[in-house]
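Report on the following structure.
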Amino acid sequence: MTTTTATDILHASSDVIIIGGSYSGLSAAMALGRALRDVLIIDSGLPCNRQTPYSHNFVTQDGKPPQTIADEAKAQVLQYHTVRLHNDLATAATKTEGGFRVQTQSGQTFSAKKLLFATGVKDIMPAIPGFAESWGISALHCPYCHGYEVRHQKTGVMCNGELGFDFARLIANWTGDLTLFTNGPSTLHAAQTARLAQLNIPVIETTISALKHTNGYIKALVLSDGNAIPLDALYARIAFEQHCALPVQLGCQLTEQGYLQVDNFQRTTIPGVFACGDNSSFMRAVSAAVASGTMAGAMINREMVDDRG
């Protein structure tokens, strides 16, 4: 990680600290920079989609590598002279009389009036060999992001119960060669199983042992009974946790699903603390992250105007 420059040290106090410098954080920084706010972005360089080769369903950016989009965004945002980037990991955040104080892994301390978390989430990989290596490449979470690229191919859905039923019916829009893998005893209702049969979606309850893949591109799904099912893509809804523990430590509340609770203006339950991007929305798409970042930046500026009176 790079260290803070002398200029950064002279500007250790900002209007806004943004923790997380990926799409939503950069989008918020642009809105704030254009509002003439002094902004410090602290970023550890670990976006959750760093393994994904291409980003889709984002007008003007469709088919570009995620890192390319991020690099272009960073270059544009840093043209605003009141926005600075510090490559580091935020390790502590505390409320102060005038705002917030943030400490980093490198030993730096920064302060600001407002705090924005654009920290994303961390996916918890199932203990299936080959799954983590394929995640974001051919083991997928979103058909709107990736479904067109694997349309009409041999596809699986790894899920169960109500969620599995809904997910399988959704993915059937992109392919007629679809299998639902419940990875253990099915918890589908009889009517749901019957409906999937009508849609020609078989349900396999045998547990999954491994994914055979080449550089993250799935070739087959291996079951615990030794059978290998040829497969090109596998959709899955897997568990996640907040990538950064600092919002909860500050007292920000989570939703039942584990996202940071925000209102329509991206405000968390702690005054002065905002959140945007994947950490506070189930819409895990680059376009959605950018939109929420723009909203957060605009609303932070508005709140600062109101605070001034």
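Across the chain, the longest run free of exposed loop sites, meaning GluC sites (Glu not before Pro) lying outside DSSP classes H, G, I, E and B with no more than 11 other Cβ atoms within 10 Å, spans 98-255. Could you name the aspartates and glutamates whose alpha carbon sits less than 14 Å from that of LYS154, not counting residues in the same chain fewer than 8 places away? Straight-line reach from LYS154, under 14 Å: ASP177, ASP232. Scanning the chain for cysteines with no neighbouring cysteine C-beta under 4.7 angstrom from their C-beta gives CYS48, CYS159, CYS244, CYS252, CYS276. When the chain is described by a simple charge dipole with +1 on each Lys and Arg Cβ and -1 on each Asp and Glu Cβ, the residue from TYR217, SER111, CYS244 located farthest towards its positive end is SER111.
For the residues GLY216, GLY107, GLY293, a GNM of the chain with alpha-carbon springs under 10 Å puts the largest fluctuation on GLY107. Amide H to amide H distances under 5 Å link GLY45 with GLY21, where only residues 5 or more positions off or on other chains count and H is placed in the peptide plane. Take the Cα of LYS219, step 7 Å toward its Cβ, do the same at GLN257, and the gap between the two points is 3.7 nm. Note on LYS64 and MET125: with the Förster distance fixed at 35 Å, the Cβ-Cβ geometry gives a FRET efficiency of about 0.85. With θ taken as phi - 60° and the Karplus curve 6.51 cos²θ - 1.76 cosθ + 1.60 applied, the whole-hertz 3J(HN,Hα) list for segment 80-87 is 7, 5, 8, 10, 10, 10, 10, 7 Hz, x standing for glycine and proline. The alpha carbon gyration tensor of segment 131-236 gives principal lengths a ≥ b ≥ c with a/c of 1.5 or higher and a/b no greater than b/c, which makes the shape oblate. Among 268-280, 224-236, the peptide with the highest mean count of other Cβ atoms within 10 Å heads the list, and the full ranking is 268-280, 224-236. Spin-label model, ALA239 to ALA210: label points 7 Å out along the Cα-to-beta-carbon direction sit 2.4 nm apart. Taking amide H as placed 1.01 Å from N in the peptide plane, the amide H of THR119 sits under 5 Å from that of CYS276, ASN279, each at least 5 places away or on another chain.
In deg cm²/dmol, rounded to 500, what helix-only [θ] at 222 nm does the chain give when every DSSP H run of at least 4 residues adds -39500 (n - 2.57) and the total is split over its residues? Mind dumping the intermediate values first?
Numbers: 9 runs with 85 residues, N = 309.
Computed mean residue ellipticity for the chain: -8000 deg cm²/dmol.
Suppose every K and R has +1 on its Cβ and every D and E has -1 on its Cβ; what is the size of the dipole of segment 131-236 about the Cα centre, in Debye to the nearest 20?
160 debye
Between segment 215-273 and segment 100-136, what is the separation of their alpha carbon centroids in Å? Centre-to-centre (Cα) distance: 12 Å.
Could you give the longest part of the chain that holds none of the trypsin sites (Lys or Arg not before Pro) found in DSSP loops with at most 16 neighbouring Cβ atoms within 10 Å? Display every interim value, and only then the final one.
Values: sites that count: ARG50, ARG151, ARG237.
Value returned for the longest uninterrupted segment is 51-150.
Each value in this text was obtained by applying a stated rule to the coordinates, not by laboratory testing. As the structure is a prediction and not an experimental result, all values here were calculated from the model. Methodologically, a virtual Cβ is constructed for each residue, glycine included, from the backbone with ideal geometry; neighbour enumeration extends over all protein chains shown.
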